[in-house]
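Enquirer: The following block contains the structure, expressed as structure tokens.
The values are calculated or read from the model by the stated rules, or taken from the named source; none is laboratory data. Source: prediction; values computed, not measured. Here the Cβ positions follow ideal geometry from the backbone for every residue, glycine too, while neighbour counts run over all protein chains shown.
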Amino acid sequence: MSAMVYGGVSQTGSPIGGAMNVFDRNMKRKQKQWAASLEDPDKYEYLKNEVGSRVADRVYDIARTFPLALDVGCGRSHIAEHLSKVGLLFLTDVSESTLIFHVLKPDGVFIGAMVGGETLYELRCSLQLAEIEREGGFSPHVSPYTAVTDLGNILGQVGFNMLTVDIDDIHIHYPGVFEVMSDLQAMGESNCAWNRKSMLHRDTILATAAIYKEMYGCDDGSVPATFEILFMIGWKPHESQAKPARRGSANISFGDLGKINQSPSMDKPKER
Amino acid sequence: MSGANVWTRSRERMKRLPELFAQCGPEATAYGKCVTATTSSKEELRKDLCIREFEALKTCILSAAKKTVK
């Protein structure tokens with residue numbers, strides 16, 4: 001039995017045939033290396049630390065110990081520092097999502113976390129409005145994110161069983177949009193989609209700051225940034241796993257739910 | 001890139017923006033309100049719709065920058 005834990009916030013590696021080429025992976029690697037070379041990289045790791053501890057929580061929630069685990073995209077081992085019930089833990093940098101499925105043993109589990117859904121919607125909307133008012137049009141500055149609803153389909157298509165997908169909303173408050181953007185940059189999370197604009201005009205940044213504050217500002221003068229973390233758990237199929245029952249094999253109806261407090265009609269005969 | 005060049009100067013200016021922005025609260029609010037008003041009214045947001053408020057904000061930022069120039 002083995003488990004795989006994936007803690008990355010962005011995809012790495014090259015897309016295999018058929019996958020959409022959305023991100024410039026070379027640029028992402030450069031951004032991550034630049035971020036790692038900063039004076040105080042730990043200062044910006046708060047989000048990854050928090051997500052890492054929540055992933056570790058989910059590992060503990062599983063009532064089993066694992067002799068072998070693989071941490072894909074481990075960063076600064078944000079997950080490993082919380083784990084102890086894993087026998088051996090390998091930490092790696094690169095990942096390939098369908099490879100994860102193949103590397104798992106049957107009845108192995110994949111626990112993953114990534115940003116998705118409505119992450120950074122405040123930044124995205126403020127930038128969009130500012131660009132329209134200042135420049136007459138807008139281009140995407142925040143990566144396209146996976147929606148929760150799509151995640152189940154993706155995992156199911158790869159072949160995982162017994163899927164669990166849930167969302168955690170993390171709201172982080174910053175003094176202003178400048179700090180939001182500089183922290184994202186220092187985390188190595190700058191935009192690297194192919195369709196990104198290479199410039200952000202100073203006037204537009206100024207306009208974004210004013211709009212962000214007006215639309216989302218809090219009473220204490222700070223502005224919030226939302227990170228929607230999608231957690232996913234999928235199991236590699238194995239005969240021991242519960243399968244959905246055959247259609248038409250039900251022998252109790254939902255209408256009987258109301259009778260649940262009465263003694264069931266299928267009592268074992270009392271022993272004399 | 002080594003030495004002082006347009007990028008280092010530009011970055012220095014950008015680093016000062018948050019503190020200058022903090023000094024121009026009313027102008028920023030006025031501009032922000034002008035833009036966000038379009039999200040709830042029938043009027044569509046278009047280029048330079050709020051140019052007056054933006055120019056006021058920019059003037060405030062520039063004069064704040066001059067006041068604290070090293």
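Enquirer: Could you figure out which of (1) under 19 Å from the mean Cα position of the chain (by Cα); (2) surrounded by fewer than 14 Cβ atoms within 10 Å (Cβ to Cβ); (3) not in a helix (DSSP H, G or I) isn't true of A:Gly156?
Expert: Single failed check for A:Gly156: (3).
Enquirer: Any idea which of (1) under 17 Å from A:Ile132 (Cβ atoms); (2) in contact (Cβ under 8 Å) with a residue 24 or more places away in the chain; (3) basic (Lys, Arg) is the one B:Arg16 doesn't satisfy?
Expert: Going through (1) under 17 Å from A:Ile132 (Cβ atoms); (2) in contact (Cβ under 8 Å) with a residue 24 or more places away in the chain; (3) basic (Lys, Arg) one by one, B:Arg16 breaks only (1).
Enquirer: In addition: Among the hydroxyl-bearing types (Ser, Thr, Tyr), modelled with pLDDT under 85 and within 14 Å of the chain's Cα centre (by Cα) - does that describe any residue in region A:81-98? So that I can check it myself, show each step before the final result.
Expert: The initial filter retains those residues of region A:81-98 that are among the hydroxyl-bearing types (Ser, Thr, Tyr), namely A:84, A:92, A:95, A:97-98.
Restricting the remaining residues to those that are modelled with pLDDT under 85 gives A:84, A:92, A:95, A:97-98.
Of the ones still in play, those that are also within 14 Å of the chain's Cα centre (by Cα) are A:97.
Yes, because at least one residue in region A:81-98 is among the hydroxyl-bearing types (Ser, Thr, Tyr), modelled with pLDDT under 85 and within 14 Å of the chain's Cα centre (by Cα).
Enquirer: Now for a different question. Suppose we filter region A:113-142 for residues that are more than 26 Å from B:Thr38 (Cβ to Cβ) and out of contact with any helix residue (DSSP H, G or I) (no Cβ under 8 Å at 6 or more places or on another chain); how many remain?
Expert: Initially, region A:113-142 is screened for residues more than 26 Å from B:Thr38 (Cβ to Cβ), giving A:113-116.
In the following step, the residues that additionally are out of contact with any helix residue (DSSP H, G or I) (no Cβ under 8 Å at 6 or more places or on another chain) were identified as A:114-115.
Of the residues in that region, 2 qualify.
Enquirer: Pairs needed: first member in region A:127-138, facing chain B (nearest Cβ under 9 Å); second member anywhere, among the aromatic types (Phe, Trp, Tyr); C-beta distance under 6 Å; at least 6 residues apart or different chains.
Expert: From residues that are facing chain B (nearest Cβ under 9 Å), the pairs are A:Ile132/A:Phe138.
Enquirer: Restricting attention to region B:16-36, does a residue exist that is surrounded by fewer than 12 Cβ atoms within 10 Å (Cβ to Cβ) and closer than 23 Å to A:Met199 by Cβ?
Expert: Within region B:16-36, the subset surrounded by fewer than 12 Cβ atoms within 10 Å (Cβ to Cβ) is B:26.
Cutting the leftovers down to closer than 23 Å to A:Met199 by Cβ gives us none.
No; the residues of region B:16-36 include none that is surrounded by fewer than 12 Cβ atoms within 10 Å (Cβ to Cβ) and closer than 23 Å to A:Met199 by Cβ.
Enquirer: Tell me yes or no: at least one residue of region A:192-200 is more than 12 Å from chain B (Cβ to nearest Cβ), of a type in the set (Phe, Trp, Tyr) and touching a residue at least 24 places away in the same chain (Cβ under 8 Å).
Expert: Going residue by residue through region A:192-200, those that are more than 12 Å from chain B (Cβ to nearest Cβ) are A:192-198.
Narrowing the set further to residues that are of a type in the set (Phe, Trp, Tyr) leaves A:194.
Of the ones still in play, those that are also touching a residue at least 24 places away in the same chain (Cβ under 8 Å) are A:194.
Scanning region A:192-200, I find at least one residue that is more than 12 Å from chain B (Cβ to nearest Cβ), of a type in the set (Phe, Trp, Tyr) and touching a residue at least 24 places away in the same chain (Cβ under 8 Å), so the answer is yes.
Enquirer: Could you say whether any residue in region A:220-241 is under 28 Å from A:Ala56 (Cα atoms), touching a His at 6+ places or on another chain (Cβ under 6 Å) and not β-branched (Val, Ile, Thr)?
Expert: Pass one, region A:220-241, residues under 28 Å from A:Ala56 (Cα atoms): A:224-241.
From the residues that got through so far, the ones that are touching a His at 6+ places or on another chain (Cβ under 6 Å) too are A:224, A:226.
Still in the list and also not β-branched (Val, Ile, Thr): A:224.
Yes, region A:220-241 has at least one match.
Enquirer: Is at least one residue of region A:170-190 polar (S, T, N, Q), touching a residue at least 12 places away in the same chain (Cβ under 8 Å), touching a strand residue (DSSP E or B) at 6+ places or on another chain (Cβ under 9 Å) and more than 14 Å from chain B (Cβ to nearest Cβ)?
Expert: no
Enquirer: Of the numbered conditions (1) over 13 Å from the mean Cα position of the chain (by Cα); (2) closer than 16 Å to A:Ile211 by Cα; (3) more than 8 Å from chain A (Cβ to nearest Cβ); (4) surrounded by 11 or more Cβ atoms within 10 Å (Cβ to Cβ), B:Thr8 fails exactly one; give the number of that condition.
Expert: For B:Thr8, the failing item is (2).
Enquirer: Considering A:Val142, A:Val165, which residue is among the β-branched types (Val, Ile, Thr) and assigned to a loop (DSSP other than H, G, I, E, B)? Spell out how you get there, then give the answer.
Expert: Working: A:Val165 fails: assigned to a loop (DSSP other than H, G, I, E, B).
None of the other options fit; the residue is A:Val142.
Enquirer: A follow-up question, please. Please enumerate the residues belonging to region A:201-222 that are assigned to a helix (DSSP H, G or I), more than 9 Å from chain B (Cβ to nearest Cβ) and of a type outside the set (S, T, N, Q).
Expert: Keep residues of region A:201-222 that are assigned to a helix (DSSP H, G or I), which gives A:202-216.
Subsequent filtering for residues that are more than 9 Å from chain B (Cβ to nearest Cβ) retains A:204, A:208, A:216.
If the condition is that a residue be assigned to a helix (DSSP H, G or I), more than 9 Å from chain B (Cβ to nearest Cβ) and of a type outside the set (S, T, N, Q), then A:Tyr216 is the only one that fits.
Enquirer: Moving on to the next point. Give just the number: which of (1) over 27 Å from B:Lys33 (Cα atoms); (2) more than 16 Å from the chain's Cα centre (by Cα) does A:Leu200 not satisfy?
Expert: Unmet for A:Leu200, out of (1) over 27 Å from B:Lys33 (Cα atoms); (2) more than 16 Å from the chain's Cα centre (by Cα): (1).
Enquirer: Could you please let me know if A:Tyr6 is modelled with pLDDT of 75 or more and either within 17 Å of the chain's Cα centre (by Cα) or among the aromatic types (Phe, Trp, Tyr) (or both)?
Expert: Working: modelled with pLDDT of 75 or more: no; either within 17 Å of the chain's Cα centre (by Cα) or among the aromatic types (Phe, Trp, Tyr) (or both): yes.
Judged against the criteria, A:Tyr6 is not a match.
Enquirer: Restricting to region B:31-51, what's the tally of residues that are closer than 14 Å to A:Ala210 by Cα and more than 9 Å from chain A (Cβ to nearest Cβ)? Lay out the reasoning, then the answer.
Expert: First, the residues of region B:31-51 that are closer than 14 Å to A:Ala210 by Cα: B:31-37, B:50-51.
Retained after the next criterion (residues that are more than 9 Å from chain A (Cβ to nearest Cβ)): B:37.
Summing the residues that are closer than 14 Å to A:Ala210 by Cα and more than 9 Å from chain A (Cβ to nearest Cβ) in region B:31-51 gives 1.
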